[in-house]
1. For residues that are loosely packed, with under 13 Cβ neighbours inside 10 Å and of a type in the set (Lys, Arg), scanning just the stretch 223-247, find the one that is modelled with the highest pLDDT.
2. Does the stretch 116-132 hold any residues that are open to solvent by 30 Å² or more (accessible area, probe 1.4 Å) and either closer than 25 Å to Asn89 by Cα or touching a residue at least 60 places away in the same chain (Cβ under 8 Å) (or both), and which are they?
3. Keeping to the stretch 135-156, report how many residues are without any contact (Cβ under 8 Å) to a residue 12 or more places away in the chain and among the β-branched types (Val, Ile, Thr).
4. Which count do you get for residues in the stretch 273-296 that are open to solvent by 10 Å² or more (accessible area, probe 1.4 Å), out of contact with any Phe, Trp or Tyr (no Cβ under 7 Å at 6 or more places or on another chain) and hydrophobic (A, V, I, L, M, F, W, C)?
5. Taking the criterion of being part of a helix (DSSP H, G or I) and touching a residue at least 60 places away in the same chain (Cβ under 8 Å), would at least one residue in the stretch 209-218 satisfy it?
6. Hey, among Phe92, Phe26, which residue is within 22 Å of Met175 (Cβ to Cβ) and modelled with pLDDT under 95?
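The values are calculated or read from the model by the stated rules, or taken from the named source; none is laboratory data. Note that the coordinates shown come from a computational prediction; the quantities given were computed from them, not determined experimentally. Cβ sites come from the backbone with ideal geometry, for glycine too, and all protein chains shown count toward neighbours. Note: accessible area is taken over every heavy atom of the protein model, side chains too, but ligands, DNA and RNA are not part of it. Shrake-Rupley method; radii C 1.70, N 1.55, O 1.52, S 1.80 Å.
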Amino acid sequence: MDWQNQLITVYLTSCKFFSQLSPYIFLKISPNSNPSFTDEETVTIYIFGILNELKNIKSIFKFTTNFLSEWFPNLPSYEGFLFRLNNLNHLFPELSKFLLQNKKFKLNSDSTKPFVLIDSLPIILAKGFRAHKCNTAKEISSVGFCSSKNLFYFGLILHLTALFKNNRLASPLSMKITRASTHDLTAVKNHLLNLNHSELFADRAYCDQSTKQKLARKNSNLHTPIKLSRSKKTLSYDEKVYSKSVSSIRQSIEILFNWLIESSGIQTASKVRSTRGLLVHVFGRFSACLFKYMFFL
């Protein structure tokens with residue numbers, strides 16, 4: 001698909017999204033019914049910029065000014081554009097939900113049990129010794145520890161469930177964000193218990209016998225690599241094979257996370273300066289990746 005059709009596709013999808021919004025969910029910030037520069041255009045420019053690998057808002061604005069001025073003749077100043085974008089912060093979570101309703105992100109209704117992958121991705125505002133000094137977006141962020149990176153950081157956790165697809169990029173099913181201090185299992189436990197007739201694959205952080213038993217009553221199984229403990233210092237051959245098999249299937253969602261990071265720069269939010277900006281950063285970039293998955297892969 002050439003860039004013109006890509007831009008038109010993003011704009012039309014954004015218009016479709018706005019058309020179905022309830023006035024109780026979203027209220028236009030413009031006091032008049034026909035603003036010269038619309039909210040649909042604001043969302044389109046931001047999403048299209050990320051799809052073209054522009055990692056910050058200023059570069060997206062400059063790109064639009066230099067190359068897309070005929071498409072957006074009423075583009076305001078950079079300050080005006082930034083104001084409009086940040087004021088749409090509560091819209092981007094709804095946009096993500098809207099895009100996830102696409103058939104590409106739905107579980108198949110066949111008789112076999114789907115393989116559902118669960119994992120989390122840290123969204124980092126500050127790391128190392130700076131993590132304890134950061135005050136950005138304190139309403140939704142906190143200090144946490146990422147064991148896989150052996151890193152203390154200040155920010156959020158993006159929790160993702162995805163559908164395993166053999167030899168293909170895993171398909172996102174749902175996402176949510178929590179403070180960095182929230183335990184992975186605590187964040188998604190209620191959601192997991194709603195997944196019936198599924199084979200669930202997660203890392204050791206999700207290992208919980210009570211949750212496994214509740215899922216078993218719903219004909220679902222939770223698979224995690226086997227933990228070592230004080231009472232269990234070595235694994236048997238069968239346990240090693242099982243853990244390796246679980247990790248092999250989980251690799252699909254790790255590849256998906258790497259794709260999200262490379263496509264949008266979603267993990268690094270060090271230049272964000274407000275709660276509104278952080279919500280735009282996370283949900284806007286995740287939405288851009290959903291657009292790319294839906295239309296351009």
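1. Per the stated criteria, the residue is Lys244.
2. Filtering the stretch 116-132 down to residues open to solvent by 30 Å² or more (accessible area, probe 1.4 Å) leaves 127-130, 132.
Result: Lys127, single match.
3. Residues flagged as without any contact (Cβ under 8 Å) to a residue 12 or more places away in the chain and among the β-branched types (Val, Ile, Thr) within the stretch 135-156 amount to 0.
4. 3
5. Of the stretch 209-218, the ones part of a helix (DSSP H, G or I) are 209-216.
Next, from what is left, pick out any that are touching a residue at least 60 places away in the same chain (Cβ under 8 Å): none.
No: zero hits.
6. Values: Phe92 fails: modelled with pLDDT under 95.
Going through Phe92, Phe26 in turn, the sole match is Phe26.
Conditions (1) more than 21 Å from the chain's Cα centre (by Cα); (2) at pLDDT 95 or above; (3) polar (S, T, N, Q); (4) surrounded by fewer than 18 Cβ atoms within 10 Å (Cβ to Cβ), marked per residue:
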| residue | (1), (2), (3), (4) |
| --- | --- |
| Pro31 | yes, no, no, yes |
| Ile47 | no, yes, no, no |
| Lys55 | no, no, no, yes |
| Trp71 | yes, yes, no, yes |
| Phe83 | yes, no, no, yes |
| Leu88 | no, no, no, no |
| Ser96 | no, yes, yes, no |
| Asn102 | no, no, yes, yes |
| Asp110 | yes, no, no, yes |
